[in-house]
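Throughout, read-outs are computed from the coordinates displayed, never taken from laboratory work. Computed from a prediction, not measured in an experiment: that's the story for all the values here. Positions of Cβ are backbone-derived with ideal geometry, glycine not excepted, and every protein chain shown enters the neighbour counts.
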């Protein structure tokens, strides 16, 4: 697949990066809309580090039904010149974003449009020293998050 999905994003941006599947792609259009909203807010285009993951490249520890990357509902992003905590605070305001991972060591955010089984609560976590941790008040303070 080639072509544009939106003003700033094309199918290529979301394609699997493994060499086995020949750049297979799956993308939830709500995620593209959220990325465009981020771009409009910061007047800079978010850089996509990781998006769709095919069966061969997907994390086998996460069941396929819960793997937002495998479903085309998740990306890892950053924006040149925008502090990660500022990006995080804006992303929290987007209703279509249901999952947010703050990866300070890598300098990226995980964002996803998962189908939420909870009462519209967002699932927010921090990746620290290779471990996924729920966002606690102590971690909020440590990373200057609100």
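The ranking of 131, 26 from fewest to most other beta carbons within 10 Å of each one's beta carbon is 131, 26.
Compared with the alpha-carbon gap, the fully stretched path from residue 23 to residue 138 is longer by 37.4 nm at 0.36 nm per residue.
A crude spin-label estimate for the pair residue 7 and residue 41, with each label 7 Å from Cα along the Cβ direction, gives 1.6 nm.
Each residue in 16, 54, 21 was given a count of other beta-carbon atoms within 10 angstrom of its own, and listing them fewest first yields 21, 54, 16.
Legend: ranking of residues 22, 142, 127 from fewest to most surrounding C-beta atoms inside 10 Å; resulting order 22, 142, 127.
Compute the angle between helix 29-42 and the longest alpha-carbon principal axis of the chain, please, reported from 0 to 90 degrees and rounded to the nearest 10. The answer is roughly 50 degrees. Comparing 15, 37, 51 in a Gaussian network model of the chain, where Cα atoms under 10 Å apart are tied by springs, the biggest mean-square fluctuation is seen for 37.
Among the listed values (1) 28, 17, 14; (2) 23, 18, 14; (3) 25, 23, 13, the one computed from these coordinates for semi-axes √(5λ) of the Cα gyration tensor in Å is (2).
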